[in-house]
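Below is one structure, written out as structure tokens, with a few remarks after it.
The values are calculated or read from the model by the stated rules, or taken from the named source; none is laboratory data. Please read these numbers as outputs of a predicted model, since none were measured by experiment. No Cβ is skipped: glycine too gets one built from the backbone with ideal geometry, and neighbour counts run over all protein chains shown. Keep in mind that these areas ignore ligands, DNA and RNA; they rest on the heavy atoms of the full protein, side chains included. Shrake-Rupley method; radii C 1.70, N 1.55, O 1.52, S 1.80 Å.
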Amino acid sequence: MLVYRIISAVIYLILGGIVAGLLAGIDRKLSARLQGRRGPSVLQPFYDVAKLFSKETLALNHGQFVIAFSFLLLIVFTGVLFFAGVDILLVFLALSTAAMFLVFAATSSNSAMSTMGAQREMMQMLAYEPMVLITAVGFYMSTQIMNGGEGSFKIIDIATGDLPSIVYLPGIFLGFLFILTIKFRKSPFDISTSHHAHQELVKGVTTDLSGRNLGMIEIAHWYENTFLLGVVALFFLSNDWWSIPLAVGAAALVYFIETIIDNVSARVKWELMVKLAWGVTIVCGGLNLLVLEYIF
Amino acid sequence: MAKITKSPWLLHYDGSSCNGCDIEVLACLTPVYDVERFGIINTGNPKHADIFLVTGGINEKNKAVVKQLYDQMPEPKVVVAVGICACNGGVFKDAYNIIGGVDKAIPVDVYVPGCAARPEAIIDGVVKALGVLDEKQKAFKEAKKKKGV
Ligand code: SF4
């Protein structure tokens, strides 16, 4: 078992960035097609990042490089932990720590856009963090039901239950999908930064990052997206072989739906984002937990 | 090595234009012209930009702004002056506050004449700018290597 876990972590380390980079390219192509345009090549995100590394890096201070690098390192660390199948609480904790580094990177400059972006990024964390915790608790309770008593936070146990966890966690899955839009920084919740131009905050958190530093943040986002899709897949995994294609298909479908949502919705204000996110968390996540606690 | 010409990010600044050229610049992003198919993104952020696209002439007030935007762009970078106003002041040339074209403030690499410059002409200008950008990237790499030694 340990061998499989190490192999899956290594595969993530090698392919995690490439897969999400390709997905980002498909996302841009799909968005263009939805808008009646031809769109860039699917490999465009790779061209962009390669260019960023070849350009001059205008750093405002030496700290910027260290912070951006730490963000990348911690995101990759989070993903490696996840795909190695360790405790899911540890994984989510590492994710929050990584997210703080993006905020640090933004606040290390005194640009108003960057600082506002950082504040909004923290608002986003405030909005999605409760649902992330409920997701972890939900996974624990689902293993408890499947094992008849003994629950586990270990990802490896969650992924090898008798049934996919989604059977017990439909509400939590919906809630997680909702905060996924915030995590992907996609419209309507792309308030701290966005890959489209013309927003009131210029580029929000990444406004003052350039060249190599921006390139590292981009790569970190790719790894982050692969990890998040991994969590989506986790809802569908069980000890049957057919759960693997099911999980991959579900993750791909979720990414497709996110792209559509991104294209058909307009950015909301942060107040509405927090209200909506918490509302969905309480209704979907809370109800699901209550049902698990009192009915099963 | 990475080809900068495959991912040119663009910064558009409206000097003292009549907005005619700006509408044509935006037209380039629409489905009809779709410059994103070349990887071009309108960033609106000098620190992410490779191409500086200026419409309208330079006046006493915006001279410093244009200079600062130019300075905030990381090397290698190119400047495209779009519309006859940006080339030499155009119809506003004799106005009391106009100094002249964009080259009165920063070095310009490509001039796109026209009033207003048509989207086709703007795309042509940007493609020409990509050639210049390629040259500049090579020079930039050389300089970096020399510095490293
Ligand atoms: S060139 Fe013509 S259309 Fe363009 S800004 Fe000048 S006056 Fe307006």
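Across segment B:22-31, coupling constants 3J(HN,Hα) worked out from phi with the 6.51/-1.76/1.60 Karplus curve, θ = phi - 60°, read 5, 5, 5, 4, 5, 4, 4, 8, 6, x Hz, and Gly and Pro carry x.
For segment A:64-81, backbone nitrogen atoms closer than 14 Å to the point 7 Å from B:Glu75 Cα along Cα-to-C-beta are found at no residue. Helical content of chain A, expressed as a calculated mean residue ellipticity at 222 nm, amounts to -23500 deg cm²/dmol (DSSP H runs of 4 or more residues, -39,500 (n - 2.57) each, divided by residue number, nearest 500). Backbone amide hydrogens, once placed in the peptide plane, bring B:Ser17 within less than 5 Å of B:Gly57, excluding anything fewer than 5 places away on its chain.
Which residues, if any, in segment B:56-85 have at least 30 Å² less accessible area in the whole protein complex than in the isolated chain, probe 1.4 Å? Those are B:Pro74, B:Glu75, which lose 30 Å² or more relative to the chain on its own.
Surface calculation, 1.4 Å probe, protein heavy atoms: B:His12 sits at approximately 50 Å² accessible. Extension gain, A:Leu34 to A:Asp162: 0.36 nm times the residue separation minus the Cα-Cα distance gives 42.1 nm. Distance from the C-alpha centroid of segment A:218-283 to that of segment B:111-129: 42 Å, rounded to the whole angstrom.
Taking both sides together, the accessible area buried where A meets B is about 2400 Å² for a 1.4 Å probe.
Share of the protein assembly as shown's accessible area from carbon and sulfur, percent, 1.4 Å? Heavy-atom surface of the protein assembly as shown belonging to carbon and sulfur, 1.4 Å probe: 68 percent.
For B:Lys104 and A:Leu73, a Förster radius of 60 Å and the Cβ-Cβ distance give a FRET efficiency of 0.80, rounded to the nearest 0.05.
Label-to-label distance, A:Met1 versus A:Ser265, with points set 7 angstrom from Cα along the beta-carbon direction: 3.8 nm.
P(r) tail, chain A: Cα-Cα pairs separated by more than 27 Å, 40% of all pairs. Applying the criteria of a DSSP loop state and at most 14 other Cβ atoms within 10 Å to the trypsin sites (Lys or Arg not before Pro) of segment A:1-91 yields A:Arg38. Close amide H pairs (under 5 Å, H built 1.01 Å from N) link A:Gln35 with no residue at least 5 positions away or on another chain. Each stretch of four or more DSSP H residues adds -39500 (n - 2.57); spread over every residue of chain B, this sum gives -11500 deg cm²/dmol at 222 nm. Loop sites here are trypsin sites (Lys or Arg not before Pro) outside DSSP states H, G, I, E and B with no more than 16 other Cβ atoms within 10 Å. The longest part of chain B free of them is B:4-60. A 1.4 Å probe run over the protein chains yields, for segment B:4-140, 41 Å² of accessible area per residue, whole-number rounding. Placing R0 at 25 angstrom, the Cβ-Cβ distance between A:Phe256 and A:Leu126 gives a FRET efficiency of 0.35 after rounding to 0.05. Separation of the alpha carbons by more than 27 angstrom is noted, of B:Lys61/B:Lys141; A:Lys269/B:Lys63; A:Lys55/B:Lys146; A:Lys51/B:Lys104, for B:Lys61/B:Lys141; A:Lys269/B:Lys63; A:Lys51/B:Lys104. Ranking A:Gly286, B:Asn62, A:Leu253 by how far each Cα lies toward the positive end of the dipole of the protein assembly as shown (charges on Cβ) leaves B:Asn62 at the top. Annotation for segment B:60-105: chymotrypsin sites (Phe, Trp or Tyr not before Pro) lying in DSSP loop with at most 15 further Cβ atoms inside 10 Å of their Cβ are B:Tyr96. Taken along the Cα-to-beta-carbon direction at a fixed 7 Å, the label points for A:Ile18 and B:Lys138 span 3.1 nm.
In a simple Cβ point-charge model (Lys, Arg +1; Asp, Glu -1; nothing else charged), chain B has a dipole of about 760 debye relative to its Cα centre.
Loop-located chymotrypsin sites (Phe, Trp or Tyr not before Pro) in segment A:175-244 (DSSP state other than H, G, I, E, B) with a sparse environment of at most 13 neighbouring Cβ atoms within 10 Å: A:Trp241, A:Trp242.
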